[in-house]
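The structure appears right after this line, and notes come after that.
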Amino acid sequence: MKLRVIRANLIVKLKTFYRERTAMFFTLAFPIILILVFGTIFLDRDKLSLDLYVQDLDHSQASARFVKTLQFNGNFKIIEVDPATDAREYAQKHKLNLILVIPKDFGILHDQRADNKTHDASVILRYIYDPSSTSVKTKMEYLNMEFAGMNQRMSGRPPFYRWEETSILNQKYRFIEFFIPGVIAMAVMIASLFGTVNMNTELLQKGIIRKLSTTPITRTDWILSNILYQFALAIISTIAMLLVSYWVFHVELHINGWLLGFILLDVFAFVGIGMILTRFVQEAQSAVAAANAIVFPMMFLSGSFFPIEMMPGFLQTFARVLPLYYINEGLRASMIFSDNLAALRYAAIIGAFAAVFFTLGITATKWEEGK
Amino acid sequence: MANQAKHAIEVENLTKRYGNLLAVNGISFTVRTGEVFAFLGPNGAGKSTTVEIIDMIRRPTSGKVRLLGMDVTKKKRAIVPRIGVLPQDFSSFDRITVRETLQFYSRLFSRGNADIDGLIELVHLKDKAEEQYKNLSGGLQQRLGIAIALVNDPEVVFLDEPTTGLDPRARREVWEVLLGLKKQGKTIFLTTHYMEEAEILADTVAIISRGMIIATGSPAELIENNTNYLVLTLQSVDANVVEIIRKLGFEPVHDNHQDLKVRVEHTEDILKTLNAIKDAGGSFLSLDVRRPNLEEVFLKLTGEALHAGPAENGEVG
Ligand SMILES: Nc1ncnc2c1ncn2[C@@H]1O[C@H](COP(=O)(O)OP(=O)(O)OP(=O)(O)O)[C@@H](O)[C@H]1O
Ligand SMILES: [Mg+2]
């Protein structure tokens, strides 16, 4: 192992990367675009401000106050529906999943109850809704809860049952914070695997490996510089992703040694697989196809974008044999939950995996006998 | 080294088998220190296989190869810094410039002091020094390959078809470079299928065909030992000239340029032929008499032509 040789190799690779603009774009910009797109799509899910169409047939002071309360306490965005129209038709026509109708006598009934003239005066609020909509149930439950609270307050006595929420997680996290560790793991996997496959097949086919084998560079130097290069790329790419996540989405993630460790294991595992692929699939195109066949199931089934608990049982079992799953979970354990013990467990599993595949990769890499 | 060994390369009973194919079939030869040694043979003869076994890109099936006095299968580490190699179909990193490429290779050899500019000048790439490899023409790429092979100031240089694909001028420039290297005392192992290249550059030529060496010697020796005739070439002959020559008992052949070639054994036969043409009133534009070249030696020894096509027969100008 000669540092000077490794450095020379690293310089050539980095220069090539820098001069290959399209490769650079896909390595650096693609994951960032993914974060921006999905982060924006799921931003609403985190904020949970719901639209609420309200038709106020009463138009009294009381009904106006009622709507205001909904708006502030319930965090609804209120949209008024003209009292002159038929609410059902209106909902059908505008494809609304819910309209809340406040009846004509709302003000009168409210005042009767408030002045204690009639104890049992009650008002019926009507939900005009589309049962085929999946999200309407949530919205209605939310409203019900809001009304229960209001009823309770009107009774003038403090509630007997109160509750407190304790998350089983140390910290509440947002979707984007779940998403980013997955994208980091995936981006590093793709860059390492394809980087290795492309470089090795190209150098093999062009005969550059043959030429290199007549110089003092050894196979170890060569593989080590490739690892270093991929690691450097992974770090650069991860920093870019994190910067964007902090700036745009103000995420709260823990950046520490675990992140570095999991990136390194990610690189080792997939550079190893890449080396094995190039050995057994000599044609550049079939090697890329094989790499794709590895990347795609990993991307969608190992919980990069959504928790694997959302998948059917047999797919969850399958996910547990995918190396990327352990990197995803490990990164989340450390970045979101600060759970060192879990991170260590995942690191051990992926570490063993990386060790095996990297060793196989080394033995698979041909150096002499160029052709 | 103070007392340089007499032989830079010694090959004994070398064989290489690819599956069922015996690509190199028990060859033995030696290359003297400081000489230009040319391996001459047609496509698939086993040239590259042999060279690449000697310069340690491939491994022999059996046989012994000593390079700079060391066994190539055991002493690669010690030998590598002392040799330079231009493999066949050389290629380099697409996006790296000429200068950067040379710097890269000199770093691999841990040669901080390599004279990069000198090398660039040597192979006439001065105004392309900052050009990326992928933007160089095939000939320029090949010349960069030669420069790379010299980056560690090697004692033995292996060049596998260094001029294939070059235009005649570029080829001549490469020859100049190689002759310069020879003057510096470097041993050069060359493979080629251009007989004129071997004739001009080589001290020793080994003719290889189907994995076997069928003749070795200096170009002059090879011609001397394997031919006993002269070649008379007549240009723009009349139609009847062929008949006249036939009557004298010779077998004239038209070559690709429609010139007429006649093989004769003695100088008197030439006079006899010319007189006969003159007496019969035949005419021709010009004539040329020469010894046979390596091409003809090769043809005689193997029964196969060195080239498929005629265009590359290029006469020495
Ligand atoms: N890696 C290999 N596997 C199988 N056969 C091979 C391999 N390399 C070469 N051969 C075969 O061995 C024979 C000799 O090939 P070699 O490349 O040594 O010829 P060459 O003289 O260099 O030809 P050329 O002038 O075309 O470069 C050929 O028949 C070739 O097809
Ligand atoms: Mg060859």
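Taken together, the values in this text are just the output of simple stated rules run on the coordinates, not laboratory data. No experiment lies behind these values; they were computed from the predicted model shown. FYI the Cβ positions are ideal-geometry reconstructions off the backbone, even for glycines, and counts take in every protein chain you see.
Numerical summary
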{"quantity": "Isotropic mean projected area of the C-alpha convex hull, region B:9-106 (nm²)", "calculated": "7.8"}
{"quantity": "Listed peptides A:149-160, B:189-200 by packing density, highest first (mean Cβ within 10 Å)", "calculated": "B:189-200, A:149-160"}
{"quantity": "Charge dipole magnitude, Cβ of K and R +1, D and E -1 - region B:228-290, Cα centre, debye nearest 20", "calculated": "40"}
{"quantity": "Surface/4 estimate of mean projected area, convex hull on alpha-carbon atoms of chain B, nm²", "calculated": "19.1"}
{"quantity": "Derived scalar couplings ³J(HN,Hα) [region A:292-297; Karplus, 6.51 cos²θ - 1.76 cosθ + 1.60; whole Hz; x for Gly, Pro]", "calculated": "4, 4, 7, 5, 5, x"}
{"quantity": "C-alpha long axis of helix A:340-364 to longest principal axis of chain A, angle in °", "calculated": "30"}
{"quantity": "Test item: B:81-93 mean partner chain Cβ contacts at 10 Å", "calculated": "4"}
{"quantity": "Backbone N within region B:78-115 under 16 Å of label point (7 Å from residue A:23 Cα along the Cβ vector)", "calculated": "B:92-97, B:101"}
{"quantity": "Compactness of the protein assembly as shown - radius of gyration and Dmax, Cα, Å", "calculated": "41.1, 152"}
{"quantity": "In degrees, nearest ten, helix A:30-41 long axis to first principal axis of chain A (Cα)", "calculated": "10"}
{"quantity": "DSSP-defined antiparallel bridges as percent of all bridges, chain B, nearest 5", "calculated": "65"}
{"quantity": "Phi-based couplings in Hz for region A:225-241 (Karplus 6.51, -1.76, 1.60; Gly and Pro marked x)", "calculated": "5, 5, 4, 4, 4, 5, 5, 4, 4, 4, 5, 4, 5, 5, 4, 4, 4"}
{"quantity": "For region B:67-79, 3J(HN,Hα) per residue [Karplus equation, 6.51 cos²θ - 1.76 cosθ + 1.60, θ = phi - 60°, Hz, x = Gly/Pro]", "calculated": "10, 6, x, 10, 6, 5, 7, 10, 10, 3, 4, 7, 7"}
{"quantity": "Rounded to 10°, Cα long-axis angle of helix A:323-335 versus longest principal axis of chain A", "calculated": "60"}
{"quantity": "Peptide B:95-101, shielding by other chains (average Cβ, 10 Å cutoff)", "calculated": "3"}
{"quantity": "Listed residues B:105, A:230, B:166: farthest to the positive end of the dipole of the protein assembly as shown (Cβ charges)", "calculated": "A:230"}
{"quantity": "From the C-alpha gyration tensor of region A:46-167, square roots of 5λ in Å", "calculated": "24, 22, 12"}
{"quantity": "Total charge dipole magnitude, the protein assembly as shown, about the Cα centre, Cβ charges on Lys, Arg, Asp, Glu only, Debye to nearest 20", "calculated": "1980"}
{"quantity": "Other-chain or far-sequence residues with amide H under 5 Å of residue B:230's (modelled H)", "calculated": "B:264, B:265"}
{"quantity": "Aspartates and glutamates with Cα under 14 Å of residue B:74, excluding same-chain neighbours fewer than 8 positions away", "calculated": "A:368, B:55"}
{"quantity": "Given 12 as the ceiling on other Cβ atoms within 10 Å, longest exposed-site-free region of chain A for GluC sites (Glu not before Pro) in DSSP loops", "calculated": "A:1-163"}
{"quantity": "By average C-beta atoms within 10 angstrom, highest first, the peptides A:122-131, B:19-28", "calculated": "B:19-28, A:122-131"}
{"quantity": "Helix-only mean residue ellipticity at 222 nm for the protein assembly as shown, each DSSP H run of n ≥ 4 adding -39500 (n - 2.57), per residue, nearest 500", "calculated": "-16000 deg cm²/dmol"}
{"quantity": "Region A:46-167 - charge dipole about Cα centre, Lys and Arg +1 at Cβ, Asp and Glu -1, debye rounded to 20", "calculated": "140"}
{"quantity": "Built amide H within the under 5 Å cut-off of residue B:24, gap 5+", "calculated": "B:16"}
{"quantity": "Residue mean of other protein chain beta carbons inside 10 Å, B:107-113", "calculated": "5"}
{"quantity": "Amide H contacts of residue A:55 (H built 1.01 Å from N, under 5 Å, at least 5 apart or other chain)", "calculated": "A:81, A:100, A:101, A:102"}
{"quantity": "Which of A:88, A:162, B:66 has the fewest Cβ neighbours within 10 Å, and the rest in rising order", "calculated": "A:162, A:88, B:66"}
{"quantity": "Listed residue pairs exceeding 28 Å between alpha carbons, taken from A:104/A:139; B:6/B:64; B:186/B:300", "calculated": "B:186/B:300"}
{"quantity": "For region A:46-167, with +1 on Lys and Arg beta carbons and -1 on Asp and Glu, the positive-most of A:145, A:163, A:60 along the dipole", "calculated": "A:163"}
